[in-house]
Structure formats: C-alpha cells, structure tokens
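Enquirer: Pasting a structure here, questions to come.
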Amino acid sequence: MSFLSLPFAWWAQLALFFVILLVAMRPFGLYMARVFSGERTFLTPLMQPIENVLYKLGRIDPHEEMDWKTYTVSVLMFSIIGGLALFLFLLYQPFPDISADLALNIAASFVTNTNWQSYAPETTLTTTSQMIGLAVQNFLSAAVGFAVLIAFLRGLARDSSKTLGNFWSDLVKGVLYLLLPLSFFFALFLVTQGVVQTFGEASVVSPLDPTASQIIATGPVASQVAIKQLGTNGGGFFTVNAAHPFENPTPLSSFFQMLAILLIPAASAVCFGAMTRRHGDGRALLWAMFLFLIPLALVSLMAEHQANPLLKALGVDPALGNMEGKEMRFGVFGSTLWASLTTATSSGSTNAALDSFMPLAGLIPLLFIHFGEVVFGGIGSGLCGLFVYVFLTVFMAGLMIGRSPEYLGKKIGIFDMKMVSLIVLIPAFLTLGGTALAVMTQAGQNGAGNPAEQGFSEILYALSSASHNNGSAFGGIKSNTPFYNILLGLCMLLGRFGVITAFLALAGSMAAKKSTPASAGTLDTTSPLFIGLLVGVIAIISVLTFIPALSLGPVAAHFHLMAAGGLG
C-alpha cells in the first residue's frame, strides 16, 4: 500500500479539486471581509433595503456595539428560542407523530449546526417541517457560527476595546450577503444536474419486477442540499443523504458539492487575514489545514483502494477496490474523498456507508473529528477551533524560550488559557464520557449494530460526531431510542454552546488588550517552523486524548482484518 499505487485519474481529480478551491477562496474571502467590515459590495443595492427592514422590524440598531457578555447572551437566547420553536413545530406536526425525545434530538441537532439524523427524513417529516423547520435552521445555525468567528476577529484586530460588534447585524449580514445568494445559484446548478426541486406528488416507479411498483418521495430537495453543503450542515432530505440520486445524481454534482463544503471555511482564513491586516498569518493557518487534510485523505484513499480480503476470499473482483457500501456513480475515489472532507469540516453529509469502509479508512474521519474539526471545520467554528490551538502553540513556545506568549501583538494571559483549556476539554469530555456511559449500560449496548470492535466504533463515532457538532454517522448504530436521542442531544447542545461561551469570553479578553509592536524576540507566527509546531501540537493533543479509544475500535479492527486476509 503506497501513494504510487493510486490511479493517475485520482491524482488528476485531486489536483483539479484543490486548484479550483485555491482560485475561488481568495476573492470570496476578501468579499466576506468587506461585508463584515461594513464596506459597500456589489450586493449592497439589493440587500441593504431588506437589511434595513429587518432591523426596523426587530427594533435593532446595527451600529450599537456589544461587549462579549451581551454578544454571548444574544447568541444563546436566539439559539434557545429557535431550538424551542423547532421542537414544538416538530412535536405538533399533523402527521406522522414524533416522540418528544426524537423531536428534542432533531431540534438540538439543527440548532447546533450538527444535523445528526437518527430517523428517515422523507417518512418522518412533512415537507413543511423540512422547509420551515430544518432548512431555516440550516441558514441560521450556520450564520450564528460565522458571527462568532467575526466577533473573535474583531477582538484580535481591535485595540483596548470593550466591544465585539453587534450580533444581530452579523447574523443578518451572514444570511443576506453570503448564504442566501450562494445557495440560490448553487441550487439552480443542482437542478441542472437532476436534483429534484418540486412540490409535486411522490414518484411511482417500476423496479426490476414489472408487476411491482415503488414510491419515491420528492420535494424541494435542491434548495435544502445547497444550504446543507454551503453551511456545512449536512442534514439530508433523504435517509441516505448524498448517496440518493435525487440529492446527488452525477459525478459533477458530487464534485461541486464537495467544493461547496470547503468554500466558506477555506475563505474564512483569507477573511481573517484581510480583517486583521495579517495576510501572512491567514496563509499560515491555511498551510496548517492543508498539511492535515491532504496526507490523511491520501491514507484513506490508499486504504479503500485495496479490496477487502474477506470479500476477495468469496471471489469478489478486487480491481475496483473496496466497493462495499458505495455508489457506482461515485466509486471509491468520490466516496472516500467525500468522507474525508465532510469530517474535516463539520458538514456531516455522506454519499457512502462509513460502516463498510476499511478500518484505516474509517479511522481517518474519526481523526478529523477528534482534531476538533480544525482542518477547515464548519462555517466559523473550524477557524475558531484552530485559533485555540494557535494559542496553545504560542503558549508552549513561550514556555520553551522563557518569554510571555503573545499573538498578533497581544499577550496571552491566565484567563485566556483557562478559556482555551475549556474549549479543548468540553468536546473531549463529552465524547469519552458519553461513550463510556453507552458501553456500560444495556440501553447503550443495544444500539450497536455489530459486535466487538466494530460495535464500539459505531458508539464512539456517534458520540464523537455529536459532541463535536459534525453530524455524520458511522452507520449500523440504532440511535433512534430515548437513551441515544437524549444523550446525543445533550452532547450536541453542550458541545456547541459551552464552547461558544468560552470562545466569546476569550474574544472579549483579547479585544480589551493593547497591541504591542513586534520585537526581535517575538515568535514569527507565519514561519514554516510555527506551522510545523502548530500541526504537531494539534496531532499530539488529539492523539493523547483519543488514541486509547481509537485503539479499541478501528485500530483493533484493522489488525483483525490483517490476521484474516493479510492486508498490506
């Protein structure tokens, strides 16, 4: 198993994908910086009248600045009210009935931008619930995450300031100037590829048996798919998500959906450089992200390029690699790259069954999640998480050279490191504590669809996905039970809003500090040395935290499969 064994076509597609991403992210990142700096853009004549009407209806003064506490309360209250409204909307939808624990799980999932789905959307939810309930939260939860990032960037850019901006203004701008126009045009493109967008009746088709018929649900799918990818949400209109031909019909639609997942998270680093006038630091963060994403994605591709030895023993042709659980129209490459991108971000969408991946290929998505989804991550949340590790890296470097740690000219103090520690520890505690609770109780064990290490991987993945607000599922686990609906719902809420609260406190602390000029002893946070140190800190902290659990799941499964069939 080596990089050289991968087909040339795969290398060509990878190169094309990242070239398009690199070309697109810079102008879009600069545009984002102009929007949130209050500058005029080409959309201002169209959107500003709508923006002003929304401010007037909400009695909002967009120029009224908030300190970090007021900003945090606004985020929490807006999200709580939105989550409660969605919970009641789902609980009292006319048909079919939804249990209270499932309604709680769905509401927690979509208000936290997790979009975990333990139910069949096309048979559990009405079209109205999908549009007014889920799709609306796809926009709002993504905009909330981005607003938090913008508040932090202001905290880094401002000098001796008590305020971080206005949450309501940031929220409205994020929806009107970014998510709505992008989603509109992307939905139109998806329709050209065959993604369904209709209010018509369900389709009735004939399967291979001409005497039988099959009913396939339809609905306003393209509009929901557009925002689920651009907002790194991941919640699908159908149970099988992006594997469904009505959501993702062609290789071209799959390619551009993957680009949509990465566009805003990648452009956020460019936006950071523009808003703080530290373009070199923005590029350094991008380098760190790519240094994780590309090698790990290649490892996953190499693992799936091999045929499963247990299937080879049954006479399955190994030429196509491990095709179990994958769509023929995407193949091994399209399915494996998708899995890496959706877990490197917080998208959570899927076009293949992760439960059918080779053990090492199944390990990579877990690693991306356990890194804190800092490899691009979700809208706002990924770069927020990466800044936490930047602070840790600067702090450790300061200890090594005996100098007070500072970033962008601002000293990092005791309070800042306490908040950083909380941000790192909250998802880890929820993941490992929740997994331990699940494997120790009968209700938790009953959810695993497979025995031994595969069943443990299913439970670990579910808790990891919920606690880190990813939303993807390993598959196999039966999570639509009161135990898992409540446990995963709590993990999603605490993993989102506990981290946001600590992060905004950190933003307020940084905003209040005075910038000091760089000196000869200042750590260069744009150098290759710092980038390497940052990558090492992220890897070491994640490995030390999660490797014991990973050893019981995918690592053990890999060695068992080696013993069974001699994997390379």
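The values are calculated or read from the model by the stated rules, or taken from the named source; none is laboratory data. Being a predicted model, the structure only gives us computed values, none of them experimental. For neighbour counting, all protein chains shown are included, and Cβ atoms are generated from backbone atoms with ideal geometry for every residue, glycine included.
Enquirer: Looking only at residues that are more than 23 Å from Glu201 (Cα to Cα) and hydroxyl-bearing (Ser, Thr, Tyr) in the range 93-123, which one is farthest from the chain's Cα centre (by Cα)?
Expert: Step one: of the range 93-123, the residues more than 23 Å from Glu201 (Cα to Cα) are 99-118.
Those left that are additionally hydroxyl-bearing (Ser, Thr, Tyr): 99, 109, 112, 114, 118.
On the way: Ser99: 27, Ser109: 12, Thr112: 11, Thr114: 7, Ser118: 17 Å.
The residue in question is Ser99.
Enquirer: What about Leu188, is it out of contact with any strand residue (DSSP E or B) (no Cβ under 6 Å at 6 or more places or on another chain) and surrounded by 23 or more Cβ atoms within 10 Å (Cβ to Cβ)? Spell out how you get there, then give the answer.
Expert: Working: out of contact with any strand residue (DSSP E or B) (no Cβ under 6 Å at 6 or more places or on another chain): yes; surrounded by 23 or more Cβ atoms within 10 Å (Cβ to Cβ): no.
Considered against the rule, which asks whether it is out of contact with any strand residue (DSSP E or B) (no Cβ under 6 Å at 6 or more places or on another chain) and surrounded by 23 or more Cβ atoms within 10 Å (Cβ to Cβ), Leu188 comes out as no.
Enquirer: Looking at (1) under 23 Å from Gly471 (Cα atoms); (2) buried (at least 20 other Cβ atoms within 10 Å of the Cβ); (3) small (Gly, Ala, Ser); (4) at pLDDT 95 or above, which is the only condition Ala100 fails?
Expert: Going through (1) under 23 Å from Gly471 (Cα atoms); (2) buried (at least 20 other Cβ atoms within 10 Å of the Cβ); (3) small (Gly, Ala, Ser); (4) at pLDDT 95 or above one by one, Ala100 breaks only (2).
Enquirer: Related question: Looking at Met1, Met77, Met47, Met66, can you tell me which residue is part of a loop (DSSP other than H, G, I, E, B) and at pLDDT 95 or above? Step through it out loud before you land on a result.
Expert: Numbers: Met1 fails: at pLDDT 95 or above; Met77 fails: part of a loop (DSSP other than H, G, I, E, B); Met47 fails: part of a loop (DSSP other than H, G, I, E, B).
Being part of a loop (DSSP other than H, G, I, E, B) and at pLDDT 95 or above holds for just one of Met1, Met77, Met47, Met66, which is Met66.
Enquirer: Here's something else I'd like to know. In the range 448-477, how many are free of Cβ contacts under 8 Å to residues at least 40 places away in the same chain and polar (S, T, N, Q)?
Expert: Residues flagged as free of Cβ contacts under 8 Å to residues at least 40 places away in the same chain and polar (S, T, N, Q) within the range 448-477 amount to 0.
Enquirer: Would you call Phe246 under 19 Å from the mean Cα position of the chain (by Cα) and of a type in the set (Phe, Trp, Tyr)?
Expert: Numbers: under 19 Å from the mean Cα position of the chain (by Cα): no; of a type in the set (Phe, Trp, Tyr): yes.
The answer is no for Phe246.
Enquirer: In addition: Taking the conditions exactly as written (buried (at least 23 other Cβ atoms within 10 Å of the Cβ) and either hydrophobic (A, V, I, L, M, F, W, C) or under 17 Å from Pro7 (Cβ atoms) (or both)), does Ala344 satisfy them or not?
Expert: Working: buried (at least 23 other Cβ atoms within 10 Å of the Cβ): yes; either hydrophobic (A, V, I, L, M, F, W, C) or under 17 Å from Pro7 (Cβ atoms) (or both): yes.
Considered against the rule, which asks whether it is buried (at least 23 other Cβ atoms within 10 Å of the Cβ) and either hydrophobic (A, V, I, L, M, F, W, C) or under 17 Å from Pro7 (Cβ atoms) (or both), Ala344 comes out as yes.
Enquirer: Could you pull out the residue among Ser118, Ser161 that is touching a Gly at 6+ places or on another chain (Cβ under 9 Å), in a loop (DSSP other than H, G, I, E, B) and farther than 21 Å from Phe376 by Cα? Give the steps one after another, and end with the answer.
Expert: On the way: Ser118 fails: touching a Gly at 6+ places or on another chain (Cβ under 9 Å).
Of Ser118, Ser161, the one residue that is touching a Gly at 6+ places or on another chain (Cβ under 9 Å), in a loop (DSSP other than H, G, I, E, B) and farther than 21 Å from Phe376 by Cα is Ser161.
Enquirer: So which pairs qualify, if the first residue must be in the range 540-553 and crowded, with 17+ Cβ neighbours inside 10 Å, the second must be part of a helix (DSSP H, G or I) and of a type in the set (Asp, Glu), the Cβ gap must be under 6 Å, and the two must be at least 6 apart or on different chains?
Expert: From residues that are crowded, with 17+ Cβ neighbours inside 10 Å, the pairs are Gly553/Glu453.
Enquirer: Here is a follow-up. Might you let me know whether the range 233-241 holds any residue that is surrounded by fewer than 23 Cβ atoms within 10 Å (Cβ to Cβ) and within 25 Å of Leu21 (Cα to Cα)?
Expert: no
Enquirer: Is it fair to say Ala520 is at pLDDT below 90, exposed (fewer than 13 other Cβ atoms within 10 Å of the Cβ) and under 29 Å from Arg158 (Cβ atoms)? Talk me through it step by step, then tell me what you get.
Expert: On the way: at pLDDT below 90: yes; exposed (fewer than 13 other Cβ atoms within 10 Å of the Cβ): yes; under 29 Å from Arg158 (Cβ atoms): yes.
So Ala520 passes the test.
Enquirer: Considering the range 220-232 alone, what residues qualify as being in a loop (DSSP other than H, G, I, E, B) and either surrounded by fewer than 24 Cβ atoms within 10 Å (Cβ to Cβ) or among the polar types (S, T, N, Q) (or both)?
Expert: Filtering the range 220-232 for residues in a loop (DSSP other than H, G, I, E, B) gives 231-232.
Answer for the range 220-232, where residues must be in a loop (DSSP other than H, G, I, E, B) and either surrounded by fewer than 24 Cβ atoms within 10 Å (Cβ to Cβ) or among the polar types (S, T, N, Q) (or both): just Thr232.
Enquirer: From Ala505, Ala556, grab the single residue that is under 22 Å from Phe152 (Cα atoms) and either in contact (Cβ under 8 Å) with a residue 12 or more places away in the chain or outside any helix (DSSP H, G or I) (or both). Full working, then the answer.
Expert: Working: Ala556 fails: under 22 Å from Phe152 (Cα atoms).
Of the residues listed, the single one that is under 22 Å from Phe152 (Cα atoms) and either in contact (Cβ under 8 Å) with a residue 12 or more places away in the chain or outside any helix (DSSP H, G or I) (or both) is Ala505.
Enquirer: Condition check: under 26 Å from the mean Cα position of the chain (by Cα) and modelled with pLDDT under 90. Does Met302 satisfy that?
Expert: Numbers: under 26 Å from the mean Cα position of the chain (by Cα): yes; modelled with pLDDT under 90: no.
For Met302, the condition - under 26 Å from the mean Cα position of the chain (by Cα) and modelled with pLDDT under 90 - is not met.
A quick yes/no check of all residues on (1) part of a loop (DSSP other than H, G, I, E, B); (2) out of contact with any Ser or Thr (no Cβ under 6 Å at 6 or more places or on another chain); (3) under 21 Å from Glu373 (Cα atoms):
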site	(1), (2), (3)
Ala520	yes, yes, no
Ile538	no, yes, yes
Ile547	no, yes, yes
Ala563	no, yes, no
